[in-house]
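Encoded as structure tokens, the structure appears first; notes follow it.
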Amino acid sequence: MTKQSSKPAPGAPPRRARPGTDAPARPADPGHANTLAASADLLALRAQLSRAEKAARRAPAPTPARAARPQAPLKPQRQAELGGVSTDDFSLAQAHARLRDAVYDGRYHLCPHAIGHARAEGFLEHDVLNVLLTGRVRAVYTQERRWLVCGYFEACGVALPLHVVAEPHRDGHVDIVTAFVPKHPHHIISRARLAVMLRYDDEHVRARTAHAGNRVGHRGKGRWKKSA
């Protein structure tokens, strides 16, 4: 019995390599590698552009700067009305700090004139206190030692302006002299107008009974005439 040889016969075709055996590696295609690199670069560039567009949309647009309007000079009559009224920032800030401390400590008194305006114009005590705490001191009446505080209160879902006049005392208490809904919210009331309002606004309407008699310039028998 003869032993078969594993060597291929001369002239026979070469055998294929079995799977799992080491096969010679094919040389890499340089064109295909360049195409993959270009595709990766393009995807990265698109991602960067997309992130930049999202960041630009999220960033708030800069507010255009408004040109400051030149303030018109006050008329001589208005300058005379504002005599004795201080509007500098230091006085207003100091007055507002003292006012808030007095309200927080409960050292305030609501005067009858303010109560009468509240009943007539439809605001309450907490509306007045809210203006004193969150409003803005617009003027200081130096001679009367009073402050004008401007703010807003809400009635039926509508914000209405409310001005409050407060008078401080040396012991830290504050009298709420009056409060009213102004006709011109941004107008600082003058000292003379404030004095007139405090003097005459709280007067009651007096009724008088008319007696039967002659009208002026007419002669009669002293009786009422029937209307037509």
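The values are calculated or read from the model by the stated rules, or taken from the named source; none is laboratory data. In this text the structure is predicted, and so the values were computed from the model without any measurement. Ideal geometry is used to build each Cβ from the backbone, glycine not excepted, and the neighbour counts take in all protein chains shown.
Assorted remarks:
- Residue 55 meets all of the listed conditions (1) among the small types (Gly, Ala, Ser); (2) modelled with pLDDT under 70; (3) loosely packed, with under 11 Cβ neighbours inside 10 Å but one, namely (2).
- In the set 106, 122, 135, only one residue is within 18 Å of the chain's Cα centre (by Cα) and over 21 Å from residue 195 (Cα atoms); that residue is 135.
- For the range 140-172, the candidate set comprises residues that are over 17 Å from residue 117 (Cβ atoms) and basic (Lys, Arg); within that set, the residue that is surrounded by the most Cβ atoms within 10 Å (Cβ to Cβ) is 145.
- Of 39, 86, all but one fail to be out of contact with any Cys (no Cβ under 7 Å at 6 or more places or on another chain), at pLDDT below 85 and within 23 Å of residue 180 (Cβ to Cβ); the exception is 86.
- Applying the criterion of being under 22 Å from the mean Cα position of the chain (by Cα) and of a type in the set (Val, Ile, Thr) to the residues of the range 158-194, the residue that is nearest to residue 125 (Cα to Cα) is 164.
Results for (1) closer than 15 Å to residue 99 by Cα; (2) out of contact with any strand residue (DSSP E or B) (no Cβ under 9 Å at 6 or more places or on another chain), shown as yes or no for each residue.
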site	(1), (2)
141	yes, no
144	no, no
147	yes, no
152	no, no
160	no, no
163	yes, no
171	yes, yes
175	yes, no
180	no, no
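- Residue within the range 130-139 that is surrounded by fewer than 20 Cβ atoms within 10 Å (Cβ to Cβ), farther than 13 Å from residue 92 by Cα, at pLDDT 90 or above and in contact with a Pro (Cβ under 7 Å, 6 or more places away or on another chain) present: no
- Of all residues in the range 140-151, those satisfying the criterion of being among the hydrophobic types (A, V, I, L, M, F, W, C) and closer than 11 Å to residue 95 by Cα are 140, 147, 148, 149.
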